[in-house]
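**Student:** One structure, as structure tokens, below. Some questions next.
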Amino acid sequence: MQWYTNYSLHFFLLLSISINAYAEKVTVVYPDVKAPYDVIFQQINSGIETSLEGEIIHLKLPSKFDAKKIAQSIKTEKVIALGRRGMRIAKQIYKEKPVVVGALPIKPNGISGVSLMANPAVLFDSLHELAPDVTTVTVIYSPASAWIIKEAQIKAEEKGLSLIHIAVNDIKTAVKAYDDIFNGKDLSKMAIWLPLDPVTANERVVVPTILEKAWKNKMVVFSSKPAHAKRGALFSALPDNELLGQQLANLINSVNYKSRPSIVKTLDSIKLAVNLRTAAHLGFDYDSKERSHFSLTFPN
Amino acid sequence: MPFNLSIFNSNISIKSQVISFMVIAISLMTLIIGFVTTAGVNQQYRQLMLDNAFQITEGLAKQVVFSLLSGSEQNAQDAMNQVIGFQSVSAAQLQLEDQSIFLTIGEFPNNNSNTQLTVVEQTRITFETPQYWLIKTPVKVLPDTNSSEASEFDLAIDSQEEQIIGYAEVVYSKEYLKEAQTQVGLLISIVGITSVVLLGIVLRFGLLKLLKPFGALADTMQKAKATGEHVLAEAQGAKEIKNMASAYNSMMMVLDQQDHDLKQHRDQLEKEVDIRTAELVDARDAALNASRHKSEFMANMSHELRTPIQSIIGYGELVTEELELEANFDLIEDMDKISKNSQRLLILINSLLDLAKIESGKIEVNKTDVSLESILVNLSDTITPLAQINENQFAIEKNNTVARIFTDKEKLEQVLLNLLSNACKFTKNGQITLTIYNDNSYLHFEIKDTGIGLSPEQQSYIFDEFRQVDSGQARKFSGTGLGLAISKRFVELMDGAIKVQSELEQGATFTVSLPIDN
């Protein structure tokens, strides 16, 4: 139940920060997308609104737009940019005014924000809850995900887990590394963590094979990407959009664009998507109380 | 160029011609349709199999991405076994990016080393033989792609690119394609042949029924032709055949009517002919009677005339003798004239008497064995002085091999004298020749002169009674005009013949032919 406690603590912390926030105007730029994705941004906006007291200007970005012109049109001192389109605006203005980016798996790269990459501690807590026998977590990562590994290593140690982290530069090396894992001997207490990494968690090549082999070897696979639970991972992290909005609102108040390095935070608040069929295959049976904490279950 | 086919032969029935033509046309049509269908189906079947082969190859390429990336042959084994499990796949091969062989399963053909090195960007046939296709497709690592909406949550999507990490090759056998194509061809052939046979049968029965009235009409016409009867046809069947039958029947009825009219006309003519014949018979009988009466009258009259003439001649001779004794020569000359004219009158009467006898059938032929020499002596004695009157030369040529003839001597002499005297009369300063010759049956007397001759028209009537060449000449050349007619009758009575050959101013040749023995 550790994840639940953390969740509550974070909520109250964010709430207090928002109360103390300055009442400054903030522009939120986000993509104008169709359902069901529009709900995500609505929820994030809702979270922002609950944490900011000042005026909030919402700016929807169409699929084609002139980023420079729109950036120039933003008159507020602070900007919260969401999604890839928001990132384009952020790139135009992050050196001039405080900007935080959300709803993207960002890494520290000059622009502050909250990454979609879940906080490893939260993930490990969930792993502990759902697969208590796992003692070793293996993660294969490319440079895109390298920034999270150090934190993950610390958090793993804190949670009593052994984190094996293998750095790769391309998909071929990644696949070989995965193949080596599956060729290993004792896999019963090992879990594979799929980060939000386009190389090591390639949706077309790596993920289906990893999931298939893991199924055969009865290995636990958990993922930072929401959709992977549906595809056969034991669980995956779903961002809590409203809390993400609050996290962004709190971050914008603490960002100083003149100071370096930028602040990139992991997603502290997540929901869980659990594949009950995979769980049953692995021999896990969750009671109704546990299930009540799952935001999504598969097959549904 | 005339379009001539044996099926359009006039000796073959229209039914057979139509059936033959239709069967040939349908066969051709079926053949063309069959050919086109077979070609189309085969092409489609080939394309389907090829699509299937492409899908299998591409499926393999998708399944072995992880295996190629991991470099583990074991990982690819399942996918390869699955592919080789397809009926038409005989072999499969995986190549790495540098086209080195990663894994081969099945008997992969090794005669296409060049194609093995073929770099392909997409699935295609790299080698083809009559037995198989070699299909090659790149094994790609594809970037993660989301919908434009979902991509809003991805950061590095733009930087990901498609990457070829190897190649999958599949040997796809054409054996089943050929088998299927053969089956399709066979099926279409069977269907085509069956269709043609069935259509032929249907056509045969249909045309038999359709053309049966036509045949019946033809039979009726044939019967009408053979028997000559005006048989009517039964109007049945199709409209055109009914029209033909109707037209034929109309024609037959018209012919019937014409026949009826002709019969009536013939009967009427026969009646008229009978009437005319009876009239002619009566007329002929009357004419014969009249002729016989005339002849009898002429015979009687001639006889009655001859008696006083002979008395006149006899008394004239007595008076002449008396005058000669008295030396009254003036009167003697007058008496000579009386005597001469009396003689001529007697000759005329004798001729008329002869003719009358001939016509009345009272003259008789007295045939005896006659010496030709004696006849010729008599003729020579009589004709030589006559010939000299007009300064003609008379000659007799004897080319005969027989010396005697069984005939009526008097009549023969009379005929020859008549012909020779005529020759003397119509020839001046010329030549008159009597030539005698014979063959096995006949003795021929040819009298040839160099006189005035006869035209063809004159030749046609000179043997008629009382006809001379013309009245002008009759006056110039004295005569009764009965000589040739009597001569002809005499020759015919002696079973012989007389003929003439002549041209004007070229003389004339009369030939009398008589049988040697009778």
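**Student:** If the cut-off is 13 Å between C-alpha atoms, which aspartates and glutamates fall inside it for A:Lys189, apart from same-chain ones fewer than 8 positions away?
**Tutor:** Those aspartates and glutamates meeting the cut-off are A:Asp133.
**Student:** Enter the accessible area of B:His293 (Å², nearest 10), with the probe set to 1.4 Å and all protein chains included.
**Tutor:** Here the residue's solvent-accessible area equals roughly 100 Å².
**Student:** OK, next. Just name one of A:Val205, B:Ile125, B:Ile24: the one whose Cα is farthest towards the positive end of the charge dipole of the protein assembly as shown (beta-carbon charges, Lys/Arg +1, Asp/Glu -1).
**Tutor:** Looking along the dipole axis, the top candidate is A:Val205.
**Student:** Beyond 31 Å between alpha-carbons counts as too far, so tell me which of B:Lys271/B:Lys488; B:Lys337/B:Lys398; B:Lys362/B:Lys499; B:Lys337/B:Lys425 fall in that bin.
**Tutor:** Violating the 31 Å Cα-Cα cut-off are B:Lys271/B:Lys488; B:Lys337/B:Lys398.
**Student:** Would you kindly give the portion of the calculated P(r) for the protein assembly as shown that falls above 42 Å, as a percent of all Cα pairs?
**Tutor:** The calculated P(r) of the protein assembly as shown puts 68 percent of pairs beyond 42 Å.
**Student:** Among the residues of the stretch B:55-75, which ones have their accessible area go down by 30 Å² or more when all the protein chains sit together, as opposed to their chain alone (1.4 Å probe)?
**Tutor:** Flagged in the stretch B:55-75: B:Phe66, B:Leu69, B:Ser70, B:Asn75.
**Student:** Here is a follow-up. Past 28 Å, Cα to Cα: identify those pairs from A:Lys95/A:Lys265; A:Lys213/B:Lys62; A:Lys107/A:Lys289; B:Lys136/B:Lys178; A:Lys213/A:Lys271; A:Lys60/A:Lys91, in the order given.
**Tutor:** A:Lys107/A:Lys289
**Student:** How large is the Rg to Rh ratio of the stretch B:328-460 when both quantities use alpha carbon positions and Rh follows Kirkwood?
**Tutor:** So for the stretch B:328-460, dividing Rg by the Kirkwood Rh gives 1.03.
**Student:** If you don't mind, another one. Give a quick list of trypsin sites (Lys or Arg not before Pro) in the stretch A:95-199 that DSSP marks as loop, anything other than H, G, I, E or B, with at most 16 other Cβ atoms within 10 Å.
**Tutor:** A:Lys95, A:Lys185, A:Lys189
**Student:** Can you run phi through the Karplus equation (6.51, -1.76, 1.60; θ = phi - 60°) for the stretch A:267-280 and list ³J(HN,Hα) in whole Hz, with x for Gly and Pro?
**Tutor:** With coefficients 6.51, -1.76 and 1.60, one gets 7, 7, 10, 10, 10, 10, 10, 10, 9, 6, 5, 4, 4, 4 Hz.
**Student:** Next question, about the same structure. Work from the charge dipole of the stretch A:127-174 (Cβ charges, +1 for Lys and Arg, -1 for Asp and Glu, about the Cα centre) and give the residue of A:Gln153, A:Val168, A:Leu130 farthest towards its positive end.
**Tutor:** Sorting the options by dipole projection puts first A:Val168.
**Student:** Given chain B, report the % of alpha carbon pairs whose separation exceeds 34 Å.
**Tutor:** Above the 34 Å cut-off, chain B has 72 percent of its Cα pairs.
**Student:** Based on the alpha-carbon gyration tensor of the stretch B:158-228, what equivalent-ellipsoid semi-axes (square roots of 5 times the eigenvalues) come out, in whole Å, largest first?
**Tutor:** Details: eigenvalues 985, 45, 13 Å².
Gyration-tensor ellipsoid for the stretch B:158-228: 70, 15, 8 Å.
**Student:** Right, something else. Given the protein chains as shown and a 1.4 Å probe, how many square angstrom of B:Phe54 are accessible, to the nearest 10?
**Tutor:** For B:Phe54, solvent-accessible area is about 50 Å².
**Student:** Here's another thing I want to ask about it. If DNA, RNA and ligands are ignored and the probe is 1.4 Å, what is the ranking of B:Ser189, A:Ser288 by accessible area, most exposed first?
**Tutor:** The residues order as A:Ser288, B:Ser189, largest area first.
**Student:** How much net charge surrounds B:Asn399 when only the other residues with a Cβ under 15 Å from the Cβ of B:Asn399 are counted, with Lys and Arg +1 and Asp and Glu -1?
**Tutor:** Local net charge: -2.
**Student:** At B:Ser291 and B:Lys223, where each label point lies 7 Å from the Cα along Cα→Cβ, what is the point-to-point distance in nanometres?
**Tutor:** If labels sit at B:Ser291 and B:Lys223, their model points lie 5.7 nm apart.
**Student:** Decide, for the stretch A:137-230, between rounded, prolate and oblate: order the square roots of the alpha carbon gyration tensor eigenvalues as a ≥ b ≥ c, take rounded if a/c falls under 1.5, and otherwise choose prolate if a/b is larger than b/c, else oblate. Provide the component values of the computation, followed by the final result.
**Tutor:** On the way: a/c = 1.39, a/b = 1.09, b/c = 1.27.
It comes out rounded by the Cα gyration axes.
**Student:** Shifting gears a bit: How large is the charge dipole for the protein assembly as shown, taken about the Cα centre, if only the Cβ atoms of Lys, Arg (+1) and Asp, Glu (-1) carry charge, to the nearest 20 debye?
**Tutor:** The calculated dipole for the protein assembly as shown is roughly 6780 debye.
**Student:** What is the distance, in nm, between label points placed 7 Å from the Cα along the Cα-to-Cβ direction at B:Leu142 and at B:Val119?
**Tutor:** 2.3
**Student:** Ordered by residue, what ³J(HN,Hα) values in Hz, to whole numbers, does the stretch B:35-50 give under the Karplus form 6.51 cos²θ - 1.76 cosθ + 1.60, where θ = phi - 60° and Gly and Pro are x?
**Tutor:** Per-residue couplings from phi come out as 5, 5, 4, 4, 4, x, 5, 4, 5, 5, 5, 4, 5, 4, 5, 5 Hz.
**Student:** Compute the accessible area per residue over the protein assembly as shown, keeping the other protein chains in place, probe 1.4 Å, unit Å².
**Tutor:** 54
**Student:** Identify, among B:Asn399, B:Leu345, B:Asn328, the residue whose Cα sits farthest towards the positive end of the charge dipole of the stretch B:267-419, taking +1 on the Cβ of Lys and Arg and -1 on the Cβ of Asp and Glu, with the dipole about the Cα centre.
**Tutor:** The residue sitting farthest along the positive end of the dipole is B:Asn399.
**Student:** Per DSSP helix of 4 or more residues, -39500 (n - 2.57); summed, then divided by the residues of chain A. What does that give at 222 nm, rounded to the nearest 500?
**Tutor:** -13000 deg cm²/dmol
**Student:** Report the A-B buried area as the accessible area lost on both sides summed, probe 1.4 Å, in Å² to the nearest 100. Present the calculation step by step, with values, prior to reporting the outcome.
**Tutor:** Numbers: alone 14600 and 32050 Å², together 44250 Å².
Buried surface at the A/B interface: approximately 2400 Å².
**Student:** In straight Cα distance, which aspartates and glutamates are under 19 Å from B:Lys340, not counting same-chain residues fewer than 8 positions off?
**Tutor:** B:Glu317, B:Glu321, B:Glu322, B:Glu324, B:Asp330
**Student:** Please express the shape of the stretch B:31-78 as an equivalent ellipsoid: the semi-axes are the square roots of 5 times the eigenvalues of the C-alpha gyration tensor, given largest first in whole angstrom.
**Tutor:** Semi-axes from the Cα gyration tensor: 40, 7, 5 Å.
**Student:** Let me spell out the model: positive unit charges on the Cβ of Lys and Arg, negative unit charges on the Cβ of Asp and Glu, origin at the Cα centre of the stretch B:163-318. What dipole size does that give, in debye rounded to 20?
**Tutor:** Working: 17 positive and 20 negative charges, 152 e Å.
With only Lys, Arg, Asp and Glu charged at Cβ, the dipole is about 720 debye.
**Student:** Write down the radius of gyration of chain A and its Dmax, each obtained from C-alpha positions, in Å.
**Tutor:** Final numbers for Rg and Dmax: 19.7, 60 Å.
**Student:** Could you tell me the accessible area of A:Val134 in Å² (1.4 Å probe, neighbours in place), rounded to the nearest ten?
**Tutor:** Roll a 1.4 Å probe over it and A:Val134 shows about 10 Å².
**Student:** Further question: Once you've got the Cα coordinates, tell me which of B:Lys367/B:Lys428; A:Lys176/B:Lys140; A:Lys68/A:Lys150 are over 25 Å apart.
**Tutor:** The pairs that break the limit, which is 25 Å between Cα atoms, are B:Lys367/B:Lys428; A:Lys68/A:Lys150.
**Student:** On the first, second and third principal axes, largest extent first, how far apart are the outermost C-alpha atoms of the stretch B:264-362 in Å?
**Tutor:** 89, 20, 14
**Student:** Can you list the aspartates and glutamates whose alpha carbon is less than 17 Å from that of B:Lys174, not counting same-chain residues fewer than 8 positions off?
**Tutor:** List returned: B:Asp51, B:Glu107, B:Glu128.
**Student:** When only the heavy atoms of the protein chains count and the probe is 1.4 Å, how do B:Asp98, A:Asp268, B:Asp464 rank by accessible area, highest first?
**Tutor:** Numbers: B:Asp98 110, A:Asp268 35, B:Asp464 70 Å².
The residues order as B:Asp98, B:Asp464, A:Asp268, largest area first.
The values are calculated or read from the model by the stated rules, or taken from the named source; none is laboratory data. A quick note: this is a predicted structure, and the numbers were derived from the prediction, not measured. Cβ coordinates were reconstructed from backbone atoms using ideal geometry, including for glycine residues, and neighbour counts include every protein chain displayed. Ligands, DNA and RNA are stripped out before the accessible areas are found, and what is left, the full protein with its side chains, is counted by its heavy atoms. Shrake-Rupley method; radii C 1.70, N 1.55, O 1.52, S 1.80 Å.
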